[in-house]
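Below is one structure, written out as structure tokens; comments come after it.
The values are calculated or read from the model by the stated rules, or taken from the named source; none is laboratory data. Since the structure is predicted, the reported quantities are computational estimates derived from the model, not experimental observations. Cβ placement follows ideal geometry from the backbone for every residue including glycine, while neighbour counts extend to all protein chains displayed.
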Amino acid sequence: MSGLFGKKSKKKMKQQNAAEAEAARTENSVNSPAAPNKMSGPSVSAPMQPNVRPKLVFHTQLAHGSPTARIEGFTNVKELYTEIAKAFNIPADEILFCTLNTHKLDMSRLLGGQIGLEDFIFAHCRGQTKDIEVTKSAPALGLTITDNGAGYAFIKRIKEDSIMDNVKTVCVGDHIEAIQGTNLVGARHYEVAKRLKDLQEGTSFTIRLVEPRKAFADIAPRSSKAATEAAPQKVGTGKQTLRMRAKGPATVEDAPTEFEERAAKKIDDLLESFMGIRDMELAETMVDICKTKNNPDEFAQALDDRLGEFAFPDEFIFDVWGAISDAKMGRI
């Protein structure tokens with residue numbers, strides 16, 4: 001990833017990464033429960049072993065540069081970070097977030113609650129810490145917040161021509177560690193967004209940010225293009241994903257349907273409009289909840305039971321119900 005090695009070395013690195021990605025595809029297709037056992041015939045069959053977790057192996061690198069490591073045996077994001085940390089002999093809290101299939105700070109490739117069985121994981125680690133004083137001269141700062149599912153909230157998007165867009169030391173991917181001296185490690189994205197929203201207009205405040213560690217070739221000032229989110233892209237090419245949940249075991253599932261993808265994307269947009277956050281895992285959970293509900297009242301009650309800590313307003317819930325209905329009917 002560094003630009004120090006010349007064209008020949010870059011070509012070798014591309015060949016190596018391609019080979020490693022192919023190895024991951026082969027290994028996970030063999031170990032997936034859907035893969036047939038080509039060595040066994042009809043007369044020789046091994047006894048079924050119930051409740052055996054499939055052995056899924058993923059390949060990973062540190063985004064700023066490292067050898068490739070293999071990880072397995074995790075069931076949620078925190079365990080994933082722990083396994084990556086063990087593989088590279090670093091503290092788990094050094095990892096800010098992960099992207100899939102790219103080492104770049106591409107906010108459309110963030111690792112959420114699902115990983116394609118062929119995906120290559122890049123871990124972005126803590127870099128420089130910076131304390132910045134900002135004056136809230138307008139009602140909105142122009143930040144969209146997300147989190148890594150393991151205690152770190154960070155900036156996913158900076159609105160063009162906003163207050164924060166004019167502070168060039170604030171960048172997409174920066175972890176928000178503290179506001180006005182209050183430590184926010186462990187806070188969810190919606191809690192951080194609310195704290196920023198509740199700051200009184202006209203006042204100045206200090207925000208402590210931790211930027212992701214950069215590879216040598218990526219060190220450059222923030223440009224105007226970096227302030228906006230890249231167009232969303234489908235991550236991975238596999239038809240199955242490993243879905244991780246905050247509660248319960250990880251499971252191998254079919255990839256989301258076209259309807260589910262459209263609905264989740266629209267809900268993610270609504271989360272940004274209403275709450276200043278983006279969270280595809282949360283959006284996908286809301287789609288799952290809605291599938292078995294017959295009307296908005298049942299949906300609202302189910303959201304309150306499952307996701308009550310978010311305190312979603314009624315207007316937002318009705319908009320989400322409408323978005324899912326539109327996706328089902330092909331209107332979006």
Self-check item: Test: Thr82 is over 28 Å from Ile158 (Cα atoms), among the polar types (S, T, N, Q), modelled with pLDDT of 95 or more and assigned to a helix (DSSP H, G or I)
Solution: yes
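Hey, does region 136-153 have a residue that's basic (Lys, Arg) and under 18 Å from Leu96 (Cβ atoms)?
no
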Quiz item: Just checking, how many residues over region 152-170 are touching a residue at least 60 places away in the same chain (Cβ under 8 Å), over 14 Å from Ile277 (Cα atoms) and in contact with a Lys or Arg (Cβ under 9 Å, 6 or more places away or on another chain)?
Solution: 1
Quiz item: Can you name the condition, by its number, that Lys214 falls short on among (1) assigned to a loop (DSSP other than H, G, I, E, B); (2) at pLDDT 95 or above; (3) within 24 Å of Cys98 (Cα to Cα)?
Solution: (2)
Quiz item: Give me the pairs: first residue in region 181-198 and under 17 Å from Thr129 (Cβ atoms), second residue among the aliphatic types (A, V, I, L, M) and assigned to a helix (DSSP H, G or I), beta-carbon distance under 8 Å, and six or more apart or on different chains, which are they?
Solution: Leu184/Val192
Quiz item: Which number in (1) at pLDDT 75 or above; (2) in contact with a Phe, Trp or Tyr (Cβ under 9 Å, 6 or more places away or on another chain) marks the one condition that Ala250 misses?
Solution: (1)
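Here is a yes/no grid of residues against (1) of a type in the set (Ser, Thr, Tyr); (2) surrounded by fewer than 21 Cβ atoms within 10 Å (Cβ to Cβ):
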site: His124; (1), (2): no, no
site: Thr129; (1), (2): yes, yes
site: Thr135; (1), (2): yes, yes
site: Ala138; (1), (2): no, yes
site: Asn148; (1), (2): no, no
site: Gly151; (1), (2): no, yes
Practice problem: Kindly check whether there is at least one residue in region 167-183 that is of a type in the set (Asp, Glu), at pLDDT 95 or above and part of a helix (DSSP H, G or I). | Solution: no
Quiz item: Say we look at region 66-104 and pick out the residues that are out of contact with any helix residue (DSSP H, G or I) (no Cβ under 8 Å at 6 or more places or on another chain) and surrounded by fewer than 15 Cβ atoms within 10 Å (Cβ to Cβ); which of these is nearest to Asp147 (Cα to Cα)?
Solution: Asp93
